[in-house]
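Next up is a structure, given as structure tokens.
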Amino acid sequence: MSTTVESPRSATTGEPVSTVARRNRLGIWLCIISDATGTVALLISYTYLWSLNVNNQWAPPKNAWADAWPFWAIVAGIVVSTALIWWGIAGIAKGHKGRLAGAAVLASLILIATFVGQIVQLSTFPFGPSDGAYASATFWLCLATAFHLAMLGLLVLAVSIRTGKGLISPDNHSHARLVAMYMTWVCISAALGALVATTMLASPNTQMPLFGTFTG
């Protein structure tokens with residue numbers, strides 16, 4: 001006599017978890033694409049202003065560039081927390097529920113510390129947001145990363161709570177995987193921002209165009 005194994009059902013919609021996961025996966029890809037347009041716009045703006053150097057106003061006062069190491073320390077925090085969530089997902093897929101719960105708590109703490117670090121960096125730059133094009137572009141890149149960190153903190157906290165309540169389980173852990181996918185994108189976004197902010201400093205354009213000047 002054959003027995004039919006019923007596929008796991010979503011606790012919220014009653015549908016097979018595979019159906020819900022497929023629909024949600026499309027949603028997270030659309031979110032990543034939408035988010036990427038904003039990141040690309042910031043990167044293009046930075047590189048455009050750096051290459052053009054209008055009115056010789058790219059550099060901050062006294063060439064006081066931001067230190068490079070905080071950018072990469074913040075990227076490292078995001079990467080480590082993302083790796084922890086993927087590690088936890090690999091565990092719960094094998095039935096180790098506690099591994100994801102522990103990984104989410106640890107990742108949350110790292111994200112909080114990284115967010116605080118981002119705020120400290122923003123508040124200790126040796127320039128203000130209006131001190132030239134570099135200063136303004138760098139502030140915007142860091143503000144975008146701060147926003148991403150706040151989002152990740154909330155998402156990972158949700159993973160921790162939902163895992164504790166059994167809503168994320170070995171047979172229904174797609175929500176945690178979607179969070180990890182978004183976190184992976186944020187790793188890329190933050191790394192690209194750090195790359196341009198730490199390597200594209202002094203403008204290569206010494207024949208800068210002059211706008212807003214009049215002769216008579």
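Over the Cα atoms, compute the radius of gyration (one decimal) and Dmax (the largest Cα-Cα distance, rounded to a whole number) for the stretch 104-216, in Å.
When restricted to Cα atoms, the stretch 104-216 yields Rg and Dmax of 19.9, 77 Å.
Further, regarding this structure: Could you size up the charge dipole of the chain around its Cα centre, putting +1 on the beta carbon of Lys and Arg and -1 on that of Asp and Glu, and report it in debye to the nearest 20?
640 debye
Once label points are set 7 Å from the Cα along Cα→Cβ at both Val120 and Ala191, what is their separation, rounded to one decimal in nm?
So the two model labels end up 2.4 nm from each other.
Would you compute, from DSSP H runs of 4+ residues alone, the mean residue ellipticity of the chain at 222 nm, taking -39500 (n - 2.57) per run and dividing by the full residue count, rounded to the nearest 500?
Estimated from H runs of four or more residues: -24500 deg cm²/dmol.
Using a Gaussian network for the chain with springs between C-alpha atoms less than 10 Å apart, which of these wobbles most: Thr124, Thr47, Thr39?
For the chain, modelled as a Gaussian network with Cα springs under 10 Å, the answer is Thr124.
Quick one: compute the contact order of the chain, relative version, from alpha carbon pairs under 8 angstrom and 6+ residues apart, as a percent.
Once divided by the residue count of the chain, the mean separation gives 34 percent.
Please identify the helices of the chain, taking whole runs of DSSP H, that span at least 20 Å along their own axis as judged from the Cα atoms and have a mean Kyte-Doolittle score of 1.0 or higher.
Counting only whole DSSP H runs, the qualifying helices are 69-93, 97-123, 133-164, 174-199.
Continuing with this model, one more query. Among Thr138, Thr206, Thr82, which one shows the biggest mean-square fluctuation in a GNM of the chain, springs joining Cα atoms closer than 10 Å?
Its mean-square fluctuation being the largest, the pick is Thr206.
Take the chain, mark every one of the trypsin sites (Lys or Arg not before Pro) that falls in a DSSP loop and has at most 14 other Cβ within 10 Å, then report the longest stretch left between them, sites excluded.
Result, exposed sites excluded: 1-93.
Listing Ser174, Ser189 from the residue with the fewest other Cβ atoms within 10 Å to the one with the most, what is the order?
Arranged by neighbour count, lowest to highest, Ser174, Ser189 become Ser174, Ser189.
Treating each Cα of the stretch 51-155 as an identical point scatterer and ignoring solvent, apply the Debye formula and state log10 I(q)/I(0) at q = 0.15, 0.22, 0.24 Å⁻¹.
For the stretch 51-155, the Cα-only Debye profile gives -0.68, -1.07, -1.18.
If you don't mind, there's one more thing I want to ask. Looking at the chain as a GNM with Cα springs under 10 Å, which of Phe147, Phe71, Phe139 has the largest mean-square fluctuation?
Highest fluctuation among the options: Phe147.
Values in this text are rule-based calculations from the coordinates and carry no lab data. On a predicted model such as this, the values are computed, not experimentally measured, just so you know. Every residue, glycine as well, gets a Cβ built from its backbone with ideal geometry; the counts of neighbours run over all protein chains shown.
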